[in-house]
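Please treat every number below as a calculation from the coordinates, not as lab data. It should be emphasised that the depicted structure is a prediction, and the values quoted were computed from it without experimental measurement. Positions of Cβ are backbone-derived with ideal geometry, glycine not excepted, and every protein chain shown enters the neighbour counts.
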Amino acid sequence: MSLYGDGLTLGEGPRWNDGALWVSDPQKGGIWTDSGGTWAFTPLAAQSNGLWFLPDGRLVGAIMREKRVGLWDGAGFGEYADLSAVATGPLGDMVGDRDGGLYVDDVGYAAHLGEQPRPGRLIHVTPDGRATVAAEGLEFPNGLAIIDNGHTLVVAETWAQRLSAFTIGAGGQLTDRRLFADLAAVVHPEARPDGICAAAHGVWVCTLSAHAIALVGRSGRLDQIGTGDGQPVACCLDPDGRLFVTVAETGGVPILEAVANKTLKAHVDVYDTTETS
């Protein structure tokens, strides 16, 4: 493990593209990347959460409080897709398919503002920008990953401590909702999934207060990496198998308490997953 980048307040939606890492920082109010050669921060007027690179290489972001997906223009996120007709709460993570379709978390409520919990949903955005509800009744939908050669979507339900799976049908429809992994059972009783990313044999899961990143498949836990006192928030892989993990430093308090107290700090660690066991 080595430190890749620091200075963050809370790292969300990390994505690797064309030799560089991109990370949203909704608590600091901007985005981090080393695409220009050095690790640098750009403040944003419209704050992204989940990030994704479209098949043509363009970057899009789920704009947390504006119920839209924005297109990166080098300084901020312009217009791409309007989700206001279907979104009920803040937007979270985002993942895309090989055809340019997107899936976006509608978290349902702002937990960090103390709002009362409401069920969340997943929104599907077609390549031409049309948004529809793909799934409902999720308990704080969070990390998203597409596996099985594009046939299965996995979503982290943070408060339910589980990963749920859907079959991806024609036109991006989600059907056959099922349990993919009970993380309290297969990882740790305190495992609450946040960000996830697709791997060759399952998904890597950031477990927040369980202080570990776990590789989970249908057969259970396949691998695990401890993060010490830090809480792993979100992750992504590069083509060489390096695992980038945003790690929150909370000072020993729950992460939402550290957010509310404005004491949260974060950094990005990188792991060579070929060396884990």
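Suppose every K and R has +1 on its Cβ and every D and E has -1 on its Cβ; what is the size of the dipole of the chain about the Cα centre, in Debye to the nearest 20?
480 debye
For segment 2-275, what class follows from the C-alpha gyration tensor (a ≥ b ≥ c being the square roots of its eigenvalues): rounded when a/c is under 1.5, otherwise prolate if a/b is larger than b/c, else oblate?
Rounded.
Let me make sure I get this right: for segment 112-225, a, b and c are the square roots of the gyration tensor eigenvalues over alpha carbons, sorted descending. Under 1.5 in a/c it's rounded, otherwise prolate if a/b > b/c, else oblate. Which is it?
oblate
Would you tally the net charge around GLY92, using a Cβ to Cβ cut-off of less than 9 Å, leaving GLY92 out, and scoring K and R as +1, D and E as -1?
Charge balance near GLY92 sits at -4.
Given 0.36 nm per residue, what is the gain on full extension from ASP238 to ALA40 after removing their alpha carbon distance, in nm?
On the way: separation 198, 0.36 × 198 = 71.28 nm, distance 1.94 nm.
Extra length from ASP238 to ALA40 when fully extended: 69.3 nm.
Excluding GLU190 itself, what net charge comes from residues whose Cβ is under 15 Å from its Cβ, given Lys and Arg +1 and Asp and Glu -1?
Local net charge: 0.
Test of understanding: what is the full-extension gain from GLU115 to HIS151, defined as 0.36 nm times their sequence separation minus their Cα-Cα distance?
9.5 nm
Multiply the residue separation of THR126 and LEU179 by 0.36 nm, subtract the distance between their alpha-carbon atoms, and state the gained length in nm to one decimal.
Separation in residues times 0.36 nm, less the Cα-Cα distance, equals 16.5 nm.
What are the trypsin sites (Lys or Arg not before Pro) within segment 28-65 that DSSP puts in a loop, where the Cβ has at most 16 other Cβ atoms within 10 Å?
Passing both the DSSP loop test and the Cβ count: ARG58, ARG65.
Between the alpha-carbon centers of segment 8-43 and segment 177-195, tell me the distance in whole angstrom.
27 Å
To the nearest 0.05, what FRET efficiency results for THR167 and GLU257 with a Förster distance of 45 Å applied to their C-beta separation? Please list the in-between numbers first.
Working: r = 38 Å, r/R0 = 0.84.
About 0.75, to the nearest 0.05.
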